[in-house]
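The values are calculated or read from the model by the stated rules, or taken from the named source; none is laboratory data. Only a predicted model underlies this, so the values are computations on that prediction, with no experimental measurement involved. Here the Cβ is made from the backbone with ideal geometry for all residues, glycine too, and neighbour counts use every protein chain on show. Surface areas here come from the heavy atoms of the whole protein model, side chains and all, with no ligands, DNA or RNA. Shrake-Rupley method; radii C 1.70, N 1.55, O 1.52, S 1.80 Å.
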2 protein chains.
Amino acid sequence: MPSLKALRAFEAAARHSSVSAAGRELNVSHSAISQQISILEGYFGRPLFLRRGKRIAPTAEAAAFLEDIRLGFDRIAMASEQFARSGGARVVTINTTPSFAMRWLIPRLPGFQSAHPEIEVRVSTSSTDQIAGLGEPYDIIIRRDAMNRADHRCDRFLDDVATVVVARNLVEKGALKVPKDLLGLPLLQMRSRPEAWPRWFELNGVSCPDPLAGPLFEHFFLSVQAAINGLGAAVVPYALVESDLAAGILAAPFSSRDLVGPGFHILYRTDFLTNRVGRTIVDWLLAEGRGHKPPSGSPPVPPA
Amino acid sequence: MPSLKALRAFEAAARHSSVSAAGRELNVSHSAISQQISILEGYFGRPLFLRRGKRIAPTAEAAAFLEDIRLGFDRIAMASEQFARSGGARVVTINTTPSFAMRWLIPRLPGFQSAHPEIEVRVSTSSTDQIAGLGEPYDIIIRRDAMNRADHRCDRFLDDVATVVVARNLVEKGALKVPKDLLGLPLLQMRSRPEAWPRWFELNGVSCPDPLAGPLFEHFFLSVQAAINGLGAAVVPYALVESDLAAGILAAPFSSRDLVGPGFHILYRTDFLTNRVGRTIVDWLLAEGRGHKPPSGSPPVPPA
DNA sequence: GCGATCCGTTAGTGATTCTTACAAATAATC
DNA sequence: GATTATTTGTAAGAATCACTAACGGATCGC
């Protein structure tokens, strides 16, 4: 029996009619696929693909062979999935900040639940950005900065670009055209990020009022709610208001330079990925994060 | 999808109800199997085997899972085999000495042919023990000693124990009871191994006649034929006369100490094993060789 | 024509897998 | 019941395997 790894590479390459595409699917370089195919061709002593320049196509014989390979792998894959699901609900605990939970994680959870009904996700929140004192062990910790812990791995999974948002009706009044116009509005502040407004004003060439005029909140999500209600302007991570912007509830009033942070990160034990449930949830978080890139440079023009 | 390697280990272990046996089947240590199973159990987050001391048995769930795994692998294995066979006959060339070809290799070839009809084996013989001057490239070279060549691998695959044999009827006459009795017979000699008789006599505590009385042959197989015809006694590798001894045509007349050589070896290119045909023939040779161990110490008593 | 894309090869690196120990537990044997 | 021989699981190191990165050659689209 030939190498199963080589057979998988062969199958993927044949299905895509492309070595590179197969590499993308299996998360390896095109070179890795190419080598595995070479090994397989060496094993059988004859070519598996017809190569005409860039394009590759499986031999007539190989095509028939592929059918069986696919059926075999499919059977194994389906059985594995069924076995995994039959094992009862598995619990994954995620700790993050209240704001991130409310405005990013929880809205996306239904999507995960429907894709993986056997996995139960428990979200817990801690107000602190510090992870040192977290009592319980969590499977995944999400924070706004990179973290470090022995035997753990930290992945950046979401851009942290803080932009100014206000309620839709404030924009429609036409009073906000340039950054300086903000000075006429209450500036919603957060206790945990006192430097947000000063840095933002500096970045956009406006001298920052001192003291800032406006209420102080403990959490992002509270200030966002205040902004939605027309209480003033807030500087918040784009990722946490994406849906409100898209829905037209909030608006980014003008083109501006944004505060770019180190990004949102997830922290988990290194061996968490060797577990199917662990890999599933981490892959999902990474995919969700990468799938929603904020526009670089300037925020989108608010919908008309 | 979990690691295919781990699934194979799991399947084999379950089939044998034994980690060690699975290791033997897959040609790895029991530890390797044990670790792969651990990985799989970690992946699924629950045990696959019930362990009661030494004995292991798959979980009820796992047993159902196994069915599908087996079907999947079987499908792939069968398709691979079919694909390999559909590729037309492949040729393997083997070079060895005339004696080895006649008395060991050729008698066994029909067994190989019926197991692998798509592979054509071509046997060529060279009288010399030297492999340096062999002109053509051969896939496999078989000689009585270890060989060395760049990018090649040499495996010992057959014991080389030379013992004394005579025609059956000479034994029945009762004239041969101890080594010393040989002195009354013609001693069949070989040009390539002039030291055989002197060493054998020395090993068995008999002073060797000088010069030896008896005809000189170029090849083992000629001297064996002479022995069969009652012309005298020969010292020949046990492996080359095994079937004649078993059939009662030749006989090992008495218990004696035998000449133990370094063994018969096969030489082939290192990458020959990456080819299916290559691996098939090498595996077959190794299995045939290991399957026919000569009795250690003393030769068998001739059949009555 | 020219840039972009794709495949194949090589050398070097990195990761997985295996082997070789050892420890614990059990089954077999005396 | 003590002893020996098996068998499984774990740990650490070694060996193998697979992958990446970089380059060259070839083709395709513009």
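Within the listed set A:GLU120, A:GLU61, A:GLU242, the residue fluctuating most in the Gaussian network model of chain A (springs between alpha-carbon atoms under 10 angstrom) is A:GLU61.
Taking a point 7 Å out from the Cα of B:ARG46 in the direction of its Cβ, the residues of the stretch A:63-99 whose backbone N falls within less than 11 Å of it are A:83-90. With label points set 7 Å from Cα along Cα→Cβ, the inter-copy distances at A:SER20 are 5.4 nm, sorted shortest first.
Each peptide in A:216-227, A:49-60 gets a packing score, the mean of other Cβ atoms within 10 Å over its residues, and the list from highest to lowest is A:216-227, A:49-60.
Per-residue mean of foreign Cβ neighbours for B:88-95 is 1 (Cβ atoms of other chains, 10 Å radius).
Ascending distances from the B:GLN35 label point to its copies in the other chains, with the point 7 Å along the Cα-to-beta-carbon line: 2.0 nm. The mean count of C-beta atoms from other chains within 10 Å of the C-beta of residues in B:222-233, rounded to a whole number, is 0. Largest GNM mean-square fluctuation among B:ASP68, B:ASP129, B:ASP244, using chain B with Cα springs under 10 Å: B:ASP68. If you run the Gaussian network model on chain B, springs between alpha carbon atoms under 10 Å, then out of B:LEU286, B:LEU48, B:LEU185 the most flexible one is B:LEU48. Counting 0.36 nm for each residue step from B:MET1 to B:GLU195 and taking away their Cα separation leaves a gain of 63.5 nm. Within the stretch A:141-158, which residues have the backbone N less than 12 Å from the label spot 7 Å out from A:THR270 along Cα→beta-carbon, could you tell me? Of the residues in the stretch A:141-158, A:149-154 have backbone N under 12 Å from the label point off A:THR270. Out of the DSSP beta bridges found with both residues in the protein assembly as shown, what percent are antiparallel (nearest 5)? Looking only at bridges with both residues in the protein assembly as shown, the antiparallel portion is about 60 percent. For the stretch A:94-222, the extents of the C-alpha atoms along the principal axes are 51, 33, 23 Å, listed from largest to smallest. Given their separation in residues at 0.36 nm each and the Cα-Cα distance between them, B:THR125 and B:ARG108 gain 4.5 nm when the chain is fully extended.
For the stretch B:19-26, backbone phi angles converted through the Karplus equation (6.51, -1.76, 1.60; θ = phi - 60°) give residue-by-residue couplings of 5, 4, 5, 4, x, 4, 4, 8 Hz, Gly and Pro being listed as x. In summary, the aspartates and glutamates within cross-link reach of A:LYS177, defined as a Cα separation below 17 angstrom excluding same-chain residues under 8 places away, comprise A:ASP258.
What FRET efficiency, computed as 1/(1 + (r/R0)^6) with R0 = 22 Å and r the Cβ-Cβ distance, is obtained for B:ALA77 and A:ALA21, rounded to the nearest 0.05? Once the sixth-power term is evaluated, E becomes 0.20. Our summary of shape: the Cα atoms of chain B have principal axis extents of 78, 48, 32 Å, ordered from largest down, in whole angstrom. For the stretch B:4-85, the solvent-accessible area works out to 52 Å² per residue, with a probe of 1.4 Å and every protein chain left in place. At an R0 of 45 angstrom, the distance between the Cβ atoms of B:VAL260 and A:ALA64 translates into a FRET efficiency of 0.30.
The gain in end-to-end length when the A:LEU203 to A:VAL28 segment is fully stretched comes to 59.0 nm, 0.36 nm per residue minus the alpha carbon separation.
Here the protein assembly as shown was treated as a single set of alpha-carbon atoms; its pair distances binned every 10 Å from 0 give 3, 12, 15, 15, 13, 12, 10, 7, 5, 4, 3, 1, 0 percent.
In this assembly of identical copies, the label point of B:PRO110 (Cα plus 7 Å along Cα-to-Cβ) is separated from its counterparts by 7.6 nm, sorted shortest first.
The packing ranking, built from the mean of other Cβ atoms within 10 Å per residue, places the peptides A:33-39, B:87-93 in the order A:33-39, B:87-93, highest first. Per residue of B:40-46, other chain Cβ atoms within 10 Å of the residue Cβ number 6 on average.
Here the mean projected area of the convex hull built on the C-alpha positions of the stretch A:4-86 is 5.6 nm².
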